[in-house]
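Right, one structure below, let's go through it.
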Amino acid sequence: MNFFCRILGHTWTPVTDNPKISWNTNDEGLVLTARPAGEVRFYDECLRCRERREVQVKRRVPAPSAK
Ligand SMILES: [Zn+2]
């Protein structure tokens, strides 16, 4: 742990980890569609020692799809 972090505590800054976008063609093979490969993760990162902590994000319950 960083010396300053030990005496002052961590300096957390919010970070988002954007998922990679996978590009796929649609059924006709003509149009590229973007689809996120995973969920966006939210966490804090310390500016000094780069330590990370997960942030508990309250997610809304996804609406049921109409399929
Ligand atoms: Zn730190």
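The values are calculated or read from the model by the stated rules, or taken from the named source; none is laboratory data. These numbers come from a predicted model, not from an experiment. Backbone-built Cβ (ideal geometry, glycine too); neighbour counts: all protein chains shown.
With respect to being in contact with a Leu (Cβ under 9 Å, 6 or more places away or on another chain) and in a strand (DSSP E or B), residue 33 falls outside the description.
For the range 12-34, does any single residue satisfy the condition of being within 10 Å of the ligand (Cβ to nearest atom) and not polar (S, T, N, Q)?
Yes, the conditions are met somewhere in the range 12-34.
So that you can scan it fast, the table gives a plain yes or no per residue for (1) at pLDDT below 75; (2) in contact with a helix residue (DSSP H, G or I) (Cβ under 9 Å, 6 or more places away or on another chain); (3) loosely packed, with under 10 Cβ neighbours inside 10 Å:
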residue: 27; (1), (2), (3): no, no, yes
residue: 38; (1), (2), (3): yes, no, no
residue: 43; (1), (2), (3): no, no, no
residue: 46; (1), (2), (3): no, yes, no
residue: 52; (1), (2), (3): no, no, no
residue: 58; (1), (2), (3): yes, no, yes
residue: 61; (1), (2), (3): yes, no, yes
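(1) surrounded by fewer than 10 Cβ atoms within 10 Å (Cβ to Cβ); (2) part of a strand (DSSP E or B); (3) at pLDDT 85 or above: which one isn't true of residue 7, the others all being true? Every listed condition holds for residue 7 apart from (2).
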